[in-house]
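I have a structure here, written as structure tokens, and I will follow up with some questions on it.
None of the figures in this text is laboratory data; all of them are computed from the coordinates on show. Everything numeric in this text was worked out from a predicted model, so none of it was measured. Ideal geometry is used to build each Cβ from the backbone, glycine not excepted, and the neighbour counts take in all protein chains shown.
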Amino acid sequence: MIELDDVTELHDPIMVAAFEGWNDAGETATSVIEHLADVWDATPVAAIDPENYYDFQVNRPRSVTESGRRRIEWPTTRILRAGSTPLDRDVLLVQGIEPSTRWRSFTTELLDFATASGVTMLVTLGGLLADVPHTRPIPVTATSDDPDVRDRFDLDSSTYEGPTGIIGVIAEAAAQAELPSLSCWAAVPHYAGSVPSPKATLGLVSKLEDLLDIVIPHGDLDEQSRAWEHGVDELAESDEEVAEYVHSLEEAQDTAELPEATGDAIAKEFERYLRRRGEDDQPGRQ
């Protein structure tokens with residue numbers, strides 16, 4: 001780990017992590033980290049040395065020019081410290097790339113940094129392709145293997161079995177290290193998963209608002225989500241088979257018992273609206 005700044009004086013920090021690659025359908029999860037880094041004024045504090053973990057023929061370095069000088073920017077996993085959050089605690093954002101090799105060493109290095117920094121909660125984010133319609137709220141699930149975390153946030157344990165990505169490896173390592181953790185996943189319509197999905201990103205941001213009981217500025221996410229949905233609408237309208245498939249997904253989801261339609265969910269959404277309205281009414285806010 002290459003440390004770029006002093007992070008020894010963090011206050012009860014939590015770590016929020018997402019990784020490019022297999023865990024990031026529609027660039028959903030990594031876009032959340034980018035969004036949080038922007039609205040929370042995050043600055044880099046550390047980076048993992050990429051030499052041992054990445055295949056540079058798959059994730060190629062970039063040649064960039066700054067102040068008239070050229071340098072090589074190496075693909076890696078960076079950790080940023082959020083400087084302006086509504087939480088009474090520090091937040092470390094992991095802006096990562098799924099490693100090409102040596103996953104266990106990579107995970108150990110990341111969790112050692114978390115432990116040395118005093119992290120008391122790890123939140124991992126992911127996006128997966130699923131049979132869901134783009135016209136309905138994006139399903140977002142949150143799970144944890146830690147009984148105390150499940151009780152605290154009213155979560156279920158994950159029942160998934162099969163191939164996993166770096167998030168699954170990190171979650172297991174966190175459990176073994178007795179670091180409380182939870183994982184949030186947004187389901188991205190598989191027929192629209194080849195492009196960034198701001199609607200799924202917004203779904204993950206909203207889930208974080210619920211879990212952390214805070215309001216996170218949405219910025220342009222609401223407008224981008226509407227534009228994305230309109231674009232996928234046009235795709236469906238131009239292809240009769242896609243349109244019929246989307247209609248069948250809509251019917252299936254509408255007849256299911258949706259968590260988005262429960263009384264608790266409606267109450268939480270109303271509370272969030274009131275909090276955001278209160279922030280907007282504060283002097284100096286527009």
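Can you tell me the dipole magnitude for the chain around its Cα centre, using point charges on the Cβ only (Lys, Arg +1; Asp, Glu -1), in Debye to the nearest 20?
1020 debye
Let me ask something else about it. In whole Å, how far is the Cα centre of segment 126-169 from that of segment 228-256?
Using only Cα atoms to place each centre, the spacing works out to 24 Å.
State whether the chain is rounded, prolate or oblate according to the following rule on the C-alpha gyration tensor (a ≥ b ≥ c being the square roots of its eigenvalues): a/c under 1.5 gives rounded; otherwise a/b larger than b/c gives prolate, and the remaining case gives oblate.
Rounded, because the longest to shortest axis ratio a/c is under 1.5.
Mean residue ellipticity at 222 nm from the helices of the chain, using -39,500 (n - 2.57) per DSSP H segment of n ≥ 4 over the full residue count, to the nearest 500 deg cm²/dmol?
Value at 222 nm, helices only, nearest 500: -12500 deg cm²/dmol.
For E34, E209, what ranking results if the residue with the fewest other Cβ atoms within 10 Å of its Cβ goes first?
E34, E209
Same structure, new question: Enumerate the residues in segment 201-240 having an amide nitrogen under 16 Å from the point lying 7 Å beyond the Cα of R89 toward its Cβ.
Only 208-215 pass the distance filter.
I would also like to ask the following. Looking at the chain as a GNM with Cα springs under 10 Å, which of E172, E20, E51 has the largest mean-square fluctuation?
Fluctuation is largest for E51.
Less than 12 Å Cβ to Cβ from P198, Lys/Arg counted +1 and Asp/Glu -1: what total charge do the surrounding residues give?
The answer is -4.
Taking the number of other C-beta atoms within 10 Å as the exposure measure, put L92, L125, L179 in order starting with the fewest.
Taking fewest neighbouring Cβ atoms as first place, the list is L179, L92, L125.
Still on this structure, please answer the following. By count of other Cβ within 10 Å, fewest leading, how are D131, D156 ordered?
Going from sparsest to densest Cβ surroundings: D156, D131.
Mind checking the full-extension length gain between D151 and T255? Use 0.36 nm per residue of separation minus the Cα-Cα distance, one decimal, nm.
Extending this stretch completely gives an extra 34.5 nm.
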